[in-house]
Amino acid sequence: PARHFDTGTTEPVSFFLSGLEELLAWQPDSNDDFNISAVPLAKRQPPLRSKRPRTLVCHDMRGGYLEDRFIQGSATRNPYVFYHWRYIDIFVYFSHHTVTIPPVCWTNAAHRNGVPVLGTFITEWTDGEKLCEAFLAGGEEAYHAVSKQLARIAQHYRFDGWLVNIENTLSAAAVRNLPPFLRHLTAQVHSAVPGGLVIWYDSVLQNGTLQWQNELNEENRVFFDACDGLFTNYNWKEEHLERTHGLAGPRHTDVYVGVDVFARGDVIGGGFDTDKSLRLIRQHGLSAAIFAPGWVYEHLGEENFLHNENKFWGLLAEYLPTHSICTLPLATSFSLGMGTSRFLAGKEEEAGPWYDLSAQEIQPLYPEREGRLSTSCCLQDAWCGGSSLRVQGTIPPGEERVAVRLFSLQMPAPPKLFLTLLYKLEGPHPDEFTVALELTTRDSDTCHEGNVTSLLAEPNGRHHPRFLPAPPPGLAKLLATCNRGSHGWTSRCYELDLQDCSLRDLSLLVSRQQPSPQETPFTCLLGEVRVLDAASVAASPPQVQSLSASQLWWQ
């Protein structure tokens, strides 16, 4: 069927549904298998339900379903990717089709990094009025059918809920049924999808008029009360934020104040001034909805995209609370799900562009310190996948080393950890530096290393795992690369014994061999980092059972 497969190449593609008939006629289909997310939503801290202000990203690019529709990837040069997952809470895939089912590659990448994904249910213009009249103006049977289908679709394709965007006038009969529809949809999504969400876009009022309010007020509050959150329009001023905070009361973090990065209309700041909008939103304790951050790609061009993307998110970082990883194993080769080549074990296996967000790996924090430290993607060299993480910085005069925070962690430390690191030092004098990993633990009177009960040498909970010259018996296969890098990559394995500790940060430690009164610049590529719980590593993996293969196309 044309919906599931590209007519030109026969490859499986992601798709949307148009109109009420297609929505109501939708049934699970054996051709759907490609479109079902294969990655469960990773746990993270703090959880979404915590009361701190959140950040939603709404991705709207050129109508949607571009190269990202190819489920098994494509040979796209300079594609759009998103990788600042540690800084955001919710990802919405937006298009102007009635039912936007997020392309599965986005759900896979977001879930791997602990971010839930919402599709969009939109009605607009005169067609939208007719559609709303058809399912809202009658009895509850009609709108219950729609909410049940939307919940079934999210459950079937394994994404996390819906942004509801009614951008047309409603008759008195239709608007009367809108709050009960939203309540029913929200209840259906909550029961079908663990942690599911329904968010309402600030558009129509309780009397059915289409009039964007740019705030939460008595005209649109009835819709906010019926679902999990409100995404406001973009043309607000500070007094809108004050009134919104007052009216929302304890639910103030469920209001996502819209920021259009394209800065259309009368807005506080978009583009590289988006931080001005975020500063005000956070001053009022509200959540933010960053709309169309693809501006970086569309407006500034594809060529320098990765550099500009890091600049854009770096300017916002101060206003974006980050998230911690709370489960092990943690393993990543930092791949963005794209590349100009494919690498395996440090060797280029295949040259040529590729794009597949499902292959994106767990992404780190991207720390930036003006002039002193930058972290970015390196496409020219990698250990595995399409890219490595380039860490560039300087060791200040008189200091021995610098710690670069890669991941925030929040979990009890297992009694024994194995850590592995693959890196490559660049620059004229790589032998001037040593590179290692550092784990920090949260302050606690009970936490100590090994079986020693004396106080740690460093009271701030910094632990430097012991270097393992060879893998321990029984783990030779898993830790095969210990001390045996290739193609210029250095491989290291470490172990760390901890008692009654809680993990806090994983950092890269770059030290210089000789103290120096000068500042020393360094460039280090990270190819892979792993943090493993020794107990679960030693256990044998579950056997794969009842394997079947279908949809084969022999070439």
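The values are calculated or read from the model by the stated rules, or taken from the named source; none is laboratory data. The model shown is predicted, which means the values in this text are computed figures rather than measured ones. FYI the Cβ positions are ideal-geometry reconstructions off the backbone, even for glycines, and counts take in every protein chain you see. The area values use the complete protein model at the heavy-atom level, side chains included, leaving out ligands, DNA and RNA. Shrake-Rupley method; radii C 1.70, N 1.55, O 1.52, S 1.80 Å.
At-a-glance table
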| item | result |
| --- | --- |
| Options Phe272, Phe231: the member that is among the aromatic types (Phe, Trp, Tyr) and surrounded by fewer than 23 Cβ atoms within 10 Å (Cβ to Cβ) | Phe272 |
| Pick from segment 315-326, criterion aliphatic (A, V, I, L, M) and in contact (Cβ under 8 Å) with a residue 60 or more places away in the chain, ranking: most open to solvent (accessible area, probe 1.4 Å) | Ala317 |
| Residue match in segment 122-134 (condition: modelled with pLDDT of 95 or more, β-branched (Val, Ile, Thr) and assigned to a loop (DSSP other than H, G, I, E, B)) | no |
| Residue identified as of a type in the set (A, V, I, L, M) and open to solvent by 10 Å² or more (accessible area, probe 1.4 Å) among Ala109, Ala154, Ala38 | Ala38 |
| Positions within segment 508-525 being surrounded by 20 or more Cβ atoms within 10 Å (Cβ to Cβ) and under 28 Å from the mean Cα position of the chain (by Cα), in sequence order | Leu508, Val510, Cys524, Leu525 |
| Residue ID - surrounded by the most Cβ atoms within 10 Å (Cβ to Cβ), chosen from residues in segment 327-353 that are within 15 Å of the chain's Cα centre (by Cα) and not small (Gly, Ala, Ser) | Phe334 |
| Enumeration of residues in segment 247-269 that are over 14 Å from Val57 (Cα atoms) and either of a type in the set (D, E, K, R) or not in a helix (DSSP H, G or I) (or both) | Arg251, Asp254, Ala263, Arg264, Gly265, Asp266, Val267, Ile268, Gly269 |
| Selection count where residues are open to solvent by 40 Å² or more (accessible area, probe 1.4 Å) and either among the aromatic types (Phe, Trp, Tyr) or on the phi > 0 side of the Ramachandran plot (or both), scope segment 41-77 | 1 |
| Residue check, Thr375 β-branched (Val, Ile, Thr), surrounded by fewer than 22 Cβ atoms within 10 Å (Cβ to Cβ) and either at positive phi or assigned to a strand (DSSP E or B) (or both) | no |
| Selection from segment 218-228 of residues that are assigned to a loop (DSSP other than H, G, I, E, B) and either open to solvent by 30 Å² or more (accessible area, probe 1.4 Å) or under 29 Å from Asn310 (Cα atoms) (or both) | Glu218, Glu219, Asp225 |
| The listed residue being open to solvent by 20 Å² or more (accessible area, probe 1.4 Å), aliphatic (A, V, I, L, M) and within 15 Å of Thr98 (Cβ to Cβ), out of Leu131, Leu163, Leu136 | Leu131 |
| Matching residues in segment 82-96 - criterion: being crowded, with 19+ Cβ neighbours inside 10 Å, touching a strand residue (DSSP E or B) at 6+ places or on another chain (Cβ under 8 Å) and in a loop (DSSP other than H, G, I, E, B) | Phe82, Tyr83, Ile88, Asp89, Phe94, Ser95 |
| Count - residues of segment 174-194 that are in contact (Cβ under 8 Å) with a residue 40 or more places away in the chain and more than 21 Å from Leu48 (Cα to Cα) | 7 |
| His487 being open to solvent by 60 Å² or more (accessible area, probe 1.4 Å), within 26 Å of Arg342 (Cα to Cα) and either outside the structural domain of Arg405 (by the TED database) or of a type outside the set (D, E, K, R) (or both) | yes |
| The lone exception for Phe407 - which of (1) in contact with a Phe, Trp or Tyr (Cβ under 9 Å, 6 or more places away or on another chain); (2) outside any loop (DSSP other than H, G, I, E, B); (3) not small (Gly, Ala, Ser) it fails | (1) |
| Test for Ser516: is it in the same structural domain as Gln410 (by the TED database), of a type in the set (Gly, Ala, Ser), in contact with a Ser or Thr (Cβ under 9 Å, 6 or more places away or on another chain) and closer than 22 Å to Gly393 by Cβ | no |
| Segment 239-269, subset aliphatic (A, V, I, L, M) and at pLDDT 95 or above, residue most open to solvent (accessible area, probe 1.4 Å) | Leu247 |
| Test for Gln380: is it touching a residue at least 12 places away in the same chain (Cβ under 8 Å) and surrounded by fewer than 22 Cβ atoms within 10 Å (Cβ to Cβ) | yes |
| Test: Gly269 is in contact with an Asp or Glu (Cβ under 8 Å, 6 or more places away or on another chain) and free of Cβ contacts under 8 Å to residues at least 12 places away in the same chain | yes |
| All positions within segment 187-199 that are assigned to a helix (DSSP H, G or I) and open to solvent by 10 Å² or more (accessible area, probe 1.4 Å) | Ala187, Gln188, His190, Ser191, Ala192 |
| Matching residues, segment 55-102, being closer than 23 Å to Ala42 by Cα and among the acidic types (Asp, Glu) | Asp68, Asp89 |
| Residue list for segment 306-330, restricted to those being assigned to a helix (DSSP H, G or I) and small (Gly, Ala, Ser) | Gly314, Ala317 |
| Verdict on Thr55 being β-branched (Val, Ile, Thr) and over 30 Å from Gly249 (Cα atoms) | no |
| Tally, over segment 206-217, of residues that are open to solvent by 10 Å² or more (accessible area, probe 1.4 Å), out of contact with any Pro (no Cβ under 9 Å at 6 or more places or on another chain), touching a residue at least 12 places away in the same chain (Cβ under 8 Å) and within 21 Å of Cys132 (Cβ to Cβ) | 5 |
| Residues located in segment 526-553, provided they are farther than 27 Å from Pro472 by Cβ and open to solvent by less than 100 Å² (accessible area, probe 1.4 Å) | Ala549, Ser550, Gln551 |
| Of residues in segment 286-305 being of a type in the set (A, V, I, L, M) and part of a helix (DSSP H, G or I), the one surrounded by the most Cβ atoms within 10 Å (Cβ to Cβ) | Val296 |
